[in-house]
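Where a number appears in this text, it was derived from the coordinates with a stated rule and is not lab data. All values reported here derive from a predicted model rather than from experimental measurement. Positions of Cβ are generated from backbone atoms using ideal geometry, with glycine treated the same way; all protein chains shown enter the neighbour counts.
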Amino acid sequence: MNDSTPRTLWITGGGSGMGRAIARVAAGNGWAVAVSGRRREVLDEVVEEIAADGGTALAVPLDVRDSAAVAGAARTVVERFGGLDALVLAAGQNTPQRRWDDQSITEFEEIVGTNLTAVAATVDAALPALREEGGTVVAISSYAGWSLQPGAGVAYSASKTAVSSLMRTLNLQEAAHGVRACHLCPGDVATDFLDQRPNVPDAAARSKMLTPQDIARTVSFVLESPAHVRIDELVISPVSQA
Ligand SMILES: NC(=O)c1ccc[n+]([C@@H]2O[C@H](COP(=O)([O-])OP(=O)(O)OC[C@H]3O[C@@H](n4cnc5c(N)ncnc54)[C@H](OP(=O)(O)O)[C@@H]3O)[C@@H](O)[C@H]2O)c1
């Protein structure tokens, strides 16, 4: 890619919450942004918002648990943008039934499939292009991926903890290509994701939490750091986090 070509970023979970905020901020910083998720309509909204601000964006709908669709989406992004400089993995799932005494193994597999296997599949699909550019990967993991959180859930905690290993092995094995990865561990963030809790927080509780913009600013710090700088792990939480 030559210097006049915009840097390119692919975001899973880019239609809502943190992924959407990350897309808007990155586009404002001059990145061409591809957003993926299952809901075409929210992806199209993000693309329209970015275009209205003069940025470049592309909607690439997919279910991240479909590894063939992930591979196809990676090819689409690289073909349309001419390369890939960064990948943000924000697609995630939890469930209200998250304890040993009420979980189902079907949901366990869905959560691990979304939060862990799909992260591996998406990195795998993007890696050849990321190697070309010395690219950056940011996995939106969780506070529960950094330390055990009693309420986070059996499958969710297991899957997010393992994302740390994916990012560390990526750093160990791909540094020779200039690839760097960050395990980003947010505490409570006021997004629709909280509706999956057994006790859904009210507006007063949400007002004390981080915002999607707080995470977008943090991701921007990682993406904009000089190429020789790797930020292996970041933990960010609201001051009120228990
Ligand atoms: N909110 C919090 O307090 C918090 C704290 C720490 C970490 N996190 C993590 O942050 C990430 C972003 O969540 P958020 O808080 O911004 O909530 P969100 O708005 O609900 O975002 C989750 C995103 O994941 C996408 N997604 C879920 N399953 C998918 C699938 N099978 N295929 C493709 N996309 C899928 C959703 O899009 P579609 O439904 O359109 O597919 C949605 O855009 C998640 O990984 C979550 O685990 C959240």
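Filtering the stretch 183-232 to residues that are crowded, with 16+ Cβ neighbours inside 10 Å and among the acidic types (Asp, Glu) leaves Asp188, Asp214. For beta carbons closer than 7 Å, sequence separation of 6+ or different chains, a first residue in the stretch 150-179 that is assigned to a helix (DSSP H, G or I) and a second that is hydroxyl-bearing (Ser, Thr, Tyr), the qualifying pairs are Lys160/Ser141; Lys160/Ser142; Val163/Ser141; Ser164/Ser141. Can you say whether Arg7 is of a type in the set (Lys, Arg), within 16 Å of the ligand (Cβ to nearest atom) and within 18 Å of the chain's Cα centre (by Cα), as far as the supplied structure shows? Criteria not met by Arg7. Of the residues examined, Gly30 is not one that is buried (at least 17 other Cβ atoms within 10 Å of the Cβ) and within 21 Å of Val138 (Cβ to Cβ). Looking only at residues of the stretch 172-200 that are out of contact with any Gly (no Cβ under 8 Å at 6 or more places or on another chain), of a type outside the set (A, V, I, L, M) and near the ligand (Cβ under 7 Å from one of its atoms), we find that the one that is nearest to Ala227 (Cα to Cα) is Pro186.
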